[in-house]
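The next block holds one structure in the form of structure tokens; read it before the comments.
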Amino acid sequence: MSDRTVDCQQQHSIDESDWPFNVPLNTGVVTTKNIMERNYPVMEVLRDEEGDWLVLCGKTRETSEGMLVCFGCAYDKNPVIGQFADLDLGYEACRKSDESDWVISKITWDHD
Ligand SMILES: [Zn+2]
């Protein structure tokens, strides 16, 4: 697992003691501008083979559309991701729309 934390000055709605994930609240996670800046719902939550977390909108995997944020901030934006705290390494949770059920599967990096 990479040790990658970000220096976040934001107040988070969740206390460290209630934090469900096994990495620090200020761990850097990859997400997209759609989610953080345009309020798109989260469609994919990935925990890669190294234990890094990705919180994606399902619309883009372009590097230019990605951003690194504090996990706590990503959580505050979409607390729905908290239910996937025990996702296994190399697995992802996806949904087709924000009203669909989540489906957990092994990560396949080539689908789009
Ligand atoms: Zn934060």
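A short reminder: the numbers here are calculations on the coordinates, not readings from a lab. Keep in mind the model is a prediction, meaning the values are calculated, not measured. Cβ placement follows ideal geometry from the backbone for every residue including glycine, while neighbour counts extend to all protein chains displayed.
Data for the structure
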item: Residue in segment 5-24 that is without any contact (Cβ under 8 Å) to a residue 40 or more places away in the chain and either touching a helix residue (DSSP H, G or I) at 6+ places or on another chain (Cβ under 6 Å) or closer than 24 Å to Arg95 by Cα (or both) present; result: no
item: Among the candidates Val30, Val23, Val69, Val45, residue that is of a type outside the set (S, T, N, Q), within 14 Å of the ligand (Cβ to nearest atom) and part of a strand (DSSP E or B); result: Val69
item: Residue among Asp86, Asp52, Asp76 that is under 19 Å from Cys8 (Cβ atoms) and more than 14 Å from the ligand (Cβ to nearest atom); result: Asp52
item: Residue in segment 5-13 that is of a type in the set (Val, Ile, Thr) and within 10 Å of the ligand (Cβ to nearest atom) present; result: yes
item: Among (1) of a type in the set (D, E, K, R); (2) within 10 Å of the chain's Cα centre (by Cα); (3) more than 17 Å from Trp109 (Cα to Cα), the one test that Asp52 misses; result: (3)
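Yes/no per residue for (1) aliphatic (A, V, I, L, M); (2) surrounded by 15 or more Cβ atoms within 10 Å (Cβ to Cβ); (3) under 17 Å from Lys77 (Cβ atoms); (4) touching a Ser or Thr at 6+ places or on another chain (Cβ under 8 Å):
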{"site": "Glu16", "(1), (2), (3), (4)": "no, no, no, no"}
{"site": "Asn26", "(1), (2), (3), (4)": "no, yes, yes, yes"}
{"site": "Val30", "(1), (2), (3), (4)": "yes, yes, yes, no"}
{"site": "Ile35", "(1), (2), (3), (4)": "yes, yes, yes, no"}
{"site": "Asn39", "(1), (2), (3), (4)": "no, no, yes, no"}
{"site": "Val45", "(1), (2), (3), (4)": "yes, yes, yes, no"}
{"site": "Val55", "(1), (2), (3), (4)": "yes, yes, yes, yes"}
